[in-house]
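What follows is a set of notes on a single structure, which appears directly below.
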Amino acid sequence: TAIDANRIAESIERVVREPLESNNVILNMSLSIGIAVFPEDGVAVDALLHAADTAMYVKKRNRQKRIEPLEETE
């Protein structure tokens, strides 16, 4: 479900956002995850991939630290 996918994505993002130290350098990383759910966002694989890709790029554009659902475009 979309709720389960969001929970998993949020868990992954929490881990990735933790600073990582390597060779006395602190690395801060971020992650953009786009989620698409069958059948709400599409029924074909190509449609689902497109929906997830679109959601990911919306998140990147907004630079928000949260999961971004697919927004309807007309």
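The values are calculated or read from the model by the stated rules, or taken from the named source; none is laboratory data. Being a predicted model, the structure only gives us computed values, none of them experimental. All Cβ positions, even for glycine, are placed from backbone atoms using ideal geometry, and neighbour counts span all protein chains on display. Keep in mind that these areas ignore ligands, DNA and RNA; they rest on the heavy atoms of the full protein, side chains included. Shrake-Rupley method; radii C 1.70, N 1.55, O 1.52, S 1.80 Å.
Kindly list, by first and then second residue, each pair from a residue in the range 45-56 that is over 11 Å from Ser32 (Cβ atoms) to a residue that is outside any helix (DSSP H, G or I) and open to solvent by 40 Å² or more (accessible area, probe 1.4 Å), limited to pairs with Cβ atoms under 7 Å and residues at least 6 apart or on different chains.
Every condition considered, the pairs that remain are Leu48/Phe38; Leu48/Asp41; Ala51/Asp41; Ala51/Leu70; Thr54/Leu70.
What is the residue count in the range 26-42 for residues that are of a type in the set (Asp, Glu) and under 14 Å from the mean Cα position of the chain (by Cα)?
Result for the range 26-42: 0.
Kindly provide the set of residues from the range 9-47 that are of a type in the set (A, V, I, L, M), under 19 Å from Tyr57 (Cα atoms) and open to solvent by 70 Å² or more (accessible area, probe 1.4 Å), ordered by number.
Those that are of a type in the set (A, V, I, L, M), under 19 Å from Tyr57 (Cα atoms) and open to solvent by 70 Å² or more (accessible area, probe 1.4 Å): Ile12, Met29, Val45.
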